[in-house]
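Shown next, in structure tokens, is the structure this report addresses.
Taken together, the values in this text are just the output of simple stated rules run on the coordinates, not laboratory data. Note that the structure is predicted; figures quoted are calculated from it, not measured. Cβ placement follows ideal geometry from the backbone for every residue including glycine, while neighbour counts extend to all protein chains displayed.
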Ligand code: PNS
């Protein structure tokens, strides 16, 4: 059984993320979506809120609950992955801009833990430009992001910005 960890800030989860998750389920038996506990980055949503939105999004996409687990972690990702018995770190790749950062992280993680492989899935072209940071900015400024985030995320975004 191949278990993959899909780590990220997920502040909040977008349809770009859910597309990666869906593709990942074609390749891996189980995916642990792992939310980084990064209070220092001043996230918009708490870890609990982010985990709840991911669970709702996974249910909305009809994912088998036995194959998708939602968890949070802090400390080194590779230590978390090893502790959870995951052989793969799953990451999505969008434009070239993602590449350098992802290459650096993948190589550092390989240096730390050679037995864990990072696997990239290309972002769905419909969501190539979708990033949580942009989604938050557009929502804050009153733009319509309703089709870029799972349906349960949208009202929560509006509520954060009093829209
Ligand atoms: O969604 P993000 O913010 O791009 O995800 C980044 C994440 C969580 C994958 C990365 O910051 C991470 O793995 N953080 C945990 C700490 C760690 O292991 N750092 C060394 C990475 S080489």
Mind checking the angle between helix 15-27 and the chain's longest principal axis? C-alpha axes, 0 to 90 degrees, to the nearest 10.
30 degrees
Please report the antiparallel percentage of DSSP beta bridges with both residues in the chain, rounded to the nearest 5.
0 percent
Can you tell which of 16, 24, 62 shows the greatest fluctuation in a Gaussian network model of the chain with Cα springs below 10 Å?
62
Summing -39500 (n - 2.57) over every DSSP H run of at least 4 residues in the chain and dividing by its residue count gives a helix-only mean residue ellipticity at 222 nm, to the nearest 500 deg cm²/dmol, of -12500 deg cm²/dmol
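What translational diffusion coefficient, to the nearest whole µm²/s, does region 86-135 have by Stokes-Einstein, given a Kirkwood radius computed over alpha-carbon pairs, a temperature of 4 °C and 1.567 mPa s viscosity?
Values: Rh = 11.8 Å.
The estimated diffusion coefficient comes to 109 µm²/s.
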Could you tell me the center-to-center distance, by alpha carbons, between region 56-134 and region 31-51 in angstrom?
14 Å
Nearest 10, in degrees from 0 to 90: the angle of helix 96-112 to the longest Cα principal axis of the chain is 40 degrees
How far is helix 47-60 tilted off the main Cα axis of the chain, in degrees rounded to 10, range 0 to 90?
90 degrees
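Percent relative contact order of the chain, based on C-alpha pairs within less than 8 angstrom and at least six residues apart?
Values: 240 pairs, mean separation 49.0, N = 163.
Relative contact order here is 30 percent.
List 133, 18 from most exposed to least, where exposure is judged by having the fewest other Cβ atoms within 10 Å. If you can, show how the numbers build up before the last one.
Numbers: 133 10, 18 22.
Sorted ascending by nearby Cβ count, the order is 133, 18.
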Checking 101, 129, 80 against a Gaussian network model of the chain (alpha-carbon springs below 10 Å), the top fluctuating residue turns out to be 101
Whole-Å semi-axes of the chain's equivalent ellipsoid (Cα gyration tensor):
25, 17, 16
Please compute the Kirkwood hydrodynamic radius over region 1-54, one decimal place, Å, based on all pairs of different Cα atoms.
11.7 Å
Find the eigenvalues of the gyration tensor of the Cα atoms of region 63-118, then list the square roots of 5 times those eigenvalues as equivalent ellipsoid semi-axes, largest first, in whole angstrom.
21, 16, 10
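Would you list 122, 61 from fewest to most Cβ contacts within 10 Å?
Numbers: 122 12, 61 15.
Listing 122, 61 from fewest to most nearby Cβ atoms yields 122, 61.
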Neighbouring Cβ atoms within 10 Å as the yardstick, rank 13, 116, 32 fewest first.
116, 32, 13
What three numbers, in Å, describe the spread of the alpha carbons of region 24-66 along their principal axes, ordered from the longest?
34, 19, 13
